[in-house]
Each structure stands twice: as structure tokens, then as C-alpha cells.
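Notes follow the structure.
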Amino acid sequence: MDWSPFVAAPLRSIAPYRPGITEEKLRRDLGLSEIFKFSSNEAPLSPSPLVMKAMRDALGQSHRYPDTQDLVDRLSRHQRVPASHLLLGNGSIDLIASLVRACVSPEHNVVLSEFGYCAYPAFVKEQGATVKLAASGRHFGHDVDALLAQVDARTRMMLIDSPTNLSGHALDPARLMDLVERVPAHVLLVLDEAYAEFASDDESAFNAQLPLVHPRVVVTRTFSKAYGLAGLRIGYAVADAGLIDWLNRVRPPFPVNRIGAAGAAAALDDRAHMECIVARVREGRRTLVDALGAMKIPVTDGRANFVLADFGPAAPAVYEGLLARGLITRAMHAYRLPGHLRISVGTADEIGRLVAAIGELKQPVNLTHTTEEDA
Ligand SMILES: Cc1ncc(COP(=O)(O)O)c(C=O)c1O
């Protein structure tokens with residue numbers, strides 16, 4: 001049956017979000033026993049014993065709706081922001097969707113970077129509003145002047161990911177402050193900092209407090225990346241308390257589950273585990289960049305837990321070749337970059353397997369192509 005006449009009109013121009021292939025799917029499809037996933041920018045380590053215990057303890061209360069105040073209070077102390085400025089979500093993406101739903105109407109536009117996170121445009125279109133794309137800067141990062149040039153009287157929001165989902169490049173503090181100070185008063189600036197903890201510690205503490213001084217700035221963060229809890233779906237927004245009051249009107253009841261909230265609260269107390277993930281990622285990213293560089297594969301080395309590699313015309317063959325060996329990377333069609341693969345940083349063993357497999361594939365698929373430096 002054709003459902004398109006049935007659904008709300010704005011949905012007709014939206015393509016569904018396609019998540020990366022899961023280990024479970026590849027196991028089912030190819031019958032492989034050993035599968036390694038480098039496609040969704042998850043952490044290389046599983047949850048710590050402290051987090052596992054907190055979740056087990058919470059399981060027994062699963063017949064009760066969750067009370068998430070303990071997590072909010074701990075986050076408040078941890079980020080040094082009042083609890084009234086915090087809102088929890090089912091992942092940070094849930095909060096970004098709510099922000100757009102609460103603030104953007106059909107007469108508005110939302111300014112995004114050309115290579116900003118590919119999940120954003122659907123939220124804007126769902127509101128019947130317009131997306132205005134600013135050209136990205138070097139290494140697919142954000143260009144502050146280009147972003148501001150797109151702002152007009154109808155702009156309600158500017159939504160940027162820093163570090164970005166695509167290349168991991170982050171706005172440096174000076175450029176971010178320049179943007180914050182120049183964004184006109186009628187525009188809400190949403191700063192998606194899903195990968196903040198992988199950048200420098202000082203910066204992350206600073207940006208979480210930005211909304212206290214600049215009420216038209218919202219910062220979103222997540223437990224999915226550096227805290228290694230992607231499967232629990234816990235994110236949070238730091239925003240002006242008045243805006244949170246409005247957001248609460250579009251939120252579904254109980255968006256965050258009891259087990260996830262308990263796990264996230266325990267993770268905040270287990271700083272050593274988070275720091276271990278961050279340290280391993282930084283080390284692994286260096287190994288990956290060096291190994292790909294040695295194979296003359298141009299690679300964009302950002303400040304998150306992945307790298308973006310340019311395989312040129314060989315990319316589809318490399319992607320398929322890796323998949324056949326149980327190694328899942330992410331093709332970048334959603335960003336109109338068919339020659340690129342994004343590779344999350346795994347454990348040292350996983351990186352070793354991936355690099356060896358790329359080395360094996362390199363000759364038959366004639367990987368090497370002309371780089372900027374060669375040209
Ligand atoms: C830039 C960016 N923002 C948000 C998200 C979603 O994170 P969460 O798991 O908190 O919903 C991702 C996930 O990859 C991301 O890359």
C-alpha cells in the first residue's frame with residue numbers, strides 16, 4: 001500500500017536514517033563468527049564493573065517507571081551547572097529532535113554546515129521548515145563566516161556538531177566564541193558536543209557552561225561515546241532553565257529508562273574508566289592515522305574517536321572487501337562522499353586486523369590514488 005498520501009506532508013521529502021550495519025546483522029547475513037565494528041563511532045571498551053553492578057541493581061525495579069533525579073543531580077555536580085539547566089534524553093539526538101520540534105515552525109529556516117551531522121536535516125524538514133546549508137571549512141569542519149552569512153530574518157536555529165560526525169574536526173575556542181558572540185539574538189545556537197570528551201578536558205568543561213552565560217546557546221552531550229554507553233541511549237542538554245520548561249512540553253513521558261539512568265550515574269563516578277577509553281582512543285587514532293598514511297591513503301585526523309579516510313574510486317571495493325572479512329566500516333554516501341570511509345577507533349587488536357586487511361586489499365583494488373600533496 002502507498003502510505004505517502006496518509007502521512008504528514010513534510011515527511012514525504014525525508015529519507016529514513018540508515019544506521020551502520022550491526023555485528024548481529026553481518027553474523028546473520030554472512031555466517032561469520034568473528035566480526036569487528038568500526039562504523040558507528042562507539043567506544044572500544046565495554047562498560048566497567050561499577051556500571052554493570054549499578055544496572056544489575058536497577059533491574060529489580062523494572063516494574064516501576066524511572067526516577068532520573070539522581071542522574072540529573074550527579075550531572076549537575078559533575079558539569080558545575082544547576083540541575084534546572086539540565087535535561088536528559090534517549091541519547092543526545094532525542095534532545096536535538098525535541099529542540100527543533102519545540103522551536104522551529106514552517107516559516108523558519110535552520111542553518112547547518114554542508115558536512116554537518118547527516119541526521120539533522122530530517123528534523124528540520126519534519127517541521128515543514130527550510131534547511132540552509134553553509135559551505136564547510138577545511139577538513140569538512142565548520143566555517144564561522146559561511147555559517148553566519150546564511151542567517152537571515154527567518155533563521156530560528158543554527159545547529160552544529162563540534163567535533164563533527166564526519167571528520168572529527170572541532171571549532172577551536174576562539175572561533176567558537178566568535179560564533180557565539182556574532183550569532184544574532186533571534187537565533188538559537190545548538191552546539192552538539194557528542195565527542196567533546198575526546199577533545200581537550202578544559203574545553204569540554206568550558207563549553208558545557210556556555211548556556212549559563214549565553215542563554216541562547218544550548219549544548220548537547222552524550223554517554224554514548226567517551227563513556228562507552230551507546231546501547232543505553234542516555235544524552236543530556238545544558239540549556240537555559242526557561243527553555244527547558246518549554247522543551248518539557250514536547251517531551252514524551254519517561255524518555256530515559258531506569259537501567260540506562262543507573263548505568264550513566266555510575267559511569268560519572270567511574271572517571272578512570274572514561275579516561276581509559278579516551279586515552280586508548282587517542283593512542284589508537286594515532287596508530288590508525290600513521291598506518292593509513294604509510295599506505296599513502298589520505299586521512300583526515302580529527303579530535304574524536306574515528307578517522308575519515310579517502311580511498312578514492314577504490315572505496316566501494318575496500319568497503320566490500322573489509323565486510324567480507326567481518327570488518328564493518330562506514331561508507332559515506334549520506335555525505336555525498338562515495339570515495340571516503342569513516343573508521344571508528346577500535347582496540348589495538350582490532351586496529352591491527354583492520355590495517356592488515358586494508359594492506360591485503362590494497363594491491364588488487366589499486367588503492368593508491370593521487371593525493372593533494374602528490375598533485
Ligand atoms: C555528532 C553526533 N551527534 C549526536 C549523535 C547521537 O548520539 P546519541 O547516541 O547521544 O544519540 C552522534 C552519533 O553518532 C553524532 O555523531
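The values are calculated or read from the model by the stated rules, or taken from the named source; none is laboratory data. Because the structure is predicted, anything quoted here is derived from the model rather than measured. So basically every Cβ, Gly included, is an ideal-geometry build from the backbone, and we count neighbours across all protein chains shown.
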- [ ] Would you check if ALA264 is within 23 Å of SER40 (Cβ to Cβ), of a type in the set (A, V, I, L, M, F, W, C) and crowded, with 21+ Cβ neighbours inside 10 Å?
- [x] yes
TODO: Would you mind finding the one in LEU288, LEU232 that is farther than 28 Å from VAL183 by Cα, buried (at least 17 other Cβ atoms within 10 Å of the Cβ) and outside the structural domain of GLY352 (by TED's automatic domain parsing)?
DONE: LEU232
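A quick yes/no check of all residues on (1) within 23 Å of ALA226 (Cβ to Cβ); (2) touching a strand residue (DSSP E or B) at 6+ places or on another chain (Cβ under 9 Å):
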site	(1), (2)
HIS63	no, no
VAL72	yes, yes
GLN79	yes, yes
LEU86	yes, yes
ASN90	yes, yes
ASP94	yes, yes
VAL110	no, yes
SER113	yes, yes
TODO: Could you tell me whether THR287 is touching a residue at least 60 places away in the same chain (Cβ under 8 Å), more than 16 Å from the ligand (Cβ to nearest atom) and not hydrophobic (A, V, I, L, M, F, W, C)?
DONE: yes
Task: Meets criteria (at pLDDT below 95, outside the structural domain of ALA170 (by TED's automatic domain parsing) and assigned to a helix (DSSP H, G or I)) for ALA375 - done: no
TODO: Write out, first by first residue and then by second, each pair whose Cβ atoms fall under 8 Å of each other, whose residues are 6+ apart or on separate chains, and whose first residue, in segment 1-22, is assigned by TED's automatic domain parsing to the domain that holds PHE123 and β-branched (Val, Ile, Thr) while the second is surrounded by 10 or more Cβ atoms within 10 Å (Cβ to Cβ) and part of a loop (DSSP other than H, G, I, E, B).
DONE: none
Open item on the list: For the condition surrounded by fewer than 23 Cβ atoms within 10 Å (Cβ to Cβ), farther than 27 Å from ARG101 by Cβ, more than 16 Å from the ligand (Cβ to nearest atom) and of a type outside the set (Phe, Trp, Tyr), what is the one hit in ARG182, ARG156, ARG175, ARG216?
Closed with: ARG175
TODO: Please indicate, with yes or no, whether at least one residue in segment 312-329 is at negative phi and under 19 Å from the mean Cα position of the chain (by Cα).
DONE: yes
TODO: Quick one: count up the residues across segment 12-33 that are in contact with a Lys or Arg (Cβ under 8 Å, 6 or more places away or on another chain) and within 16 Å of PRO121 (Cα to Cα).
DONE: 2
- [ ] Among the residues of segment 219-263, count how many are within 13 Å of the ligand (Cβ to nearest atom), touching a residue at least 60 places away in the same chain (Cβ under 8 Å) and under 27 Å from LEU171 (Cα atoms).
- [x] 15
